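A.B. asks: This is the structure I want to talk about, given as structure tokens.
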Amino acid sequence: MPTAITIIASPSPGAVAVSPPVVTNTPVLTVTTVATLTSTATPQSTATPTPVPTATPSPTATPTPAPNANAEAGPDREISRGDVFTLNGSGSTDPDGDPIVSYTWTQVYGPDVTDGVGRIVGATPLITAPDNVSTVILELRVNDGHGDGGPDSIQINVMEHSETGFFVSGDDGSNDDGDGSRSSPFTSIPFAINQIQGPNYDIYVKSLSDGQSYLESETITPQTSISLYGGFGDNWVRDVTNNRTKIQGAAIAIEFGTVLEEAWFSGFDLTAADASKPGGSSVGVVVRGDNVLHIEDNTISGGKGAASSANGGSGGDGGNGGTGGSGSKGGVGAPNVCSFLGCNVGRSGDGGEGGGGVAQAA
């Protein structure tokens with residue numbers, strides 16, 4: 001154990017001092033206190049880590065596809081029934097100069113011109129027009145090896161005679177300013193008929209909007225070989241099943257004069273008015289002449305006939321009488337008779353011819 005040294009300080013006055021100081025070697029218990037410093041630390045707040053931004057990957061560039069070819073079916077056409085003609089898609093182009101590898105024409109309207117296949121291939125194929133007045137619509141698509149482009153359509157208007165004919169539209173035509181063409185039609189059917197000056201002219205009539213009827217108070221009178229075709233709608237597309245042209249006509253609605261060649265009356269819903277003259281009839285269509293009038297795809301209705309007058313009129317004059325017969329032979333003359341007055345000489349001979357017949361009243 002270590003030795004503790006006790007130091008006694010100098011006494012104050014009056015105190016007894018011990019001299020010299022005694023150093024004792026008395027063991028002294030020394031308590032060594034080891035202080036333990038306990039520090040209670042206030043916990044620090046945990047800082048929220050700042051997120052590290054995630055890098056957005058660069059988008060993968062999508063290759064721009066090559067533009068497809070542009071189809072060009074050509075302008076609309078007017079042709080005659082049964083004609084053979086050429087479609088022409090050679091005006092089609094490709095924006096980046098690739099060659100066009102295929103041309104496909106798909107029929108979307110009208111009587112079939114594809115031999116039942118529904119489509120025709122080739123840049124300039126031949127087709128034969130239908131045998132009846134109608135509308136044919138085809139869509140052309142072309143392919144440049146990267147896919148088909150959008151379609152282009154062509155409307156083929158099949159007429160009886162493609163070079164001649166007048167068009168009538170009561171909705172947007174004009175008898176004053178129109179020239180009777182498809183783009184500038186007349187307003188009325190009789191007016192169009194009266195403009196015809198030569199052969200092979202026919203009349204094509206567009207149906208009125210909202211199911212209205214052409215109102216005709218006088219008989220329509222086509223002559224010679226004039227045909228009348230109805231059933232035309234927007235853009236002059238013909239539909240004789242669902243869009244027949246309506247006419248409200250006179251008691252004799254239509255009278256075809258002397259028909260010198262084949263003619264057609266087609267695509268109408270025709271109604272004749274009631275007869276007004278005593279004993280008169282209501283008739284939709286009257287035909288005169290020795291040739292053929294084809295009446296096709298129509299609805300024709302007559303009105304009511306008129307009652308006859310109360311009393312019949314006077315009869316006509318009777319016919320002439322027949323020629324009179326020959327007179328009979330004269331008798332034998334009397335013998336000569338003599339008296340004081342003289343003699344009468346008897347003679348015999350033939351009778352004369354009978355007279356002519358006389359007209360008798362009936």
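A.B. asks: Taking a ≥ b ≥ c as the square roots of the Cα gyration tensor eigenvalues, with a/c under 1.5 meaning rounded and otherwise prolate when a/b beats b/c, else oblate, which class fits segment 174-280?
C.D. replies: On the way: a/c = 1.55, a/b = 1.18, b/c = 1.31.
Judged from the Cα gyration tensor, segment 174-280 comes out oblate (a/c at least 1.5, b/c at or above a/b).
A.B. asks: May I ask which residue of 86, 158, 147 lies farthest towards the positive end of the charge dipole of segment 77-159, with charges of +1 (Lys, Arg) and -1 (Asp, Glu) on Cβ and the Cα centre as origin?
C.D. replies: 158
A.B. asks: Can you tell me the FRET efficiency between residue 241 and residue 96 if r is taken as the Cβ-Cβ distance and R0 is 56 Å, rounded to the nearest 0.05? Could the numbers behind the result be given before it?
C.D. replies: Details: r = 45 Å, r/R0 = 0.81.
Given R0 = 56 Å and the Cβ-Cβ separation, E is 0.80.
A.B. asks: Here's a follow-up. Out of the GluC sites (Glu not before Pro) in segment 127-168, which ones are loop residues according to DSSP with at most 10 other C-beta atoms within 10 Å? Could you put the intermediate results ahead of the total?
C.D. replies: Numbers: sites: 139, 160, 163; in loops: 160, 163.
Those that pass, being in a loop and sparsely packed, are 163.
A.B. asks: Given the Cα-Cα distance of residue 218 and residue 115 and 0.36 nm per residue of separation, how much length would full extension add, in nm?
C.D. replies: So the extension gain works out to 32.6 nm.
A.B. asks: Also: Report the charge-dipole magnitude of segment 166-301 in Debye, nearest 20, computed about the Cα centre from +1 at each Lys and Arg Cβ and -1 at each Asp and Glu Cβ.
C.D. replies: Details: 7 positive and 19 negative charges, 50 e Å.
Result for segment 166-301 is approximately 240 debye, rounded to the nearest 20.
A.B. asks: Once a ≥ b ≥ c are taken as the square roots of the eigenvalues of the Cα gyration tensor of segment 77-159, is the result rounded (a/c under 1.5), prolate (a/b larger than b/c) or oblate (a/b not larger than b/c)? Don't skip to the answer; put the middle values down first.
C.D. replies: Details: a/c = 2.51, a/b = 2.24, b/c = 1.12.
The shape class here is prolate.
A.B. asks: Multiplying the sequence separation of residue 307 and residue 131 by 0.36 nm and subtracting their Cα-Cα distance, what value in nm do you get? Numbers along the way, then the final one.
C.D. replies: Details: separation 176, 0.36 × 176 = 63.36 nm, distance 4.46 nm.
In short, 58.9 nm is gained.
A.B. asks: Would you mind calculating the gained length between residue 184 and residue 261 on full extension (0.36 nm times residue separation, minus the Cα-Cα distance), in nm to one decimal?
C.D. replies: Working: separation 77, 0.36 × 77 = 27.72 nm, distance 2.81 nm.
Value of the extension gain: 24.9 nm.
Read-outs throughout are calculated quantities, based only on the coordinates presented, and are distinct from any laboratory measurement. What you see is a predicted model, and the numbers here were worked out from it, not measured in a lab. Note that we place each Cβ from the backbone using ideal geometry, even for glycine, and neighbour counts take in every protein chain shown.
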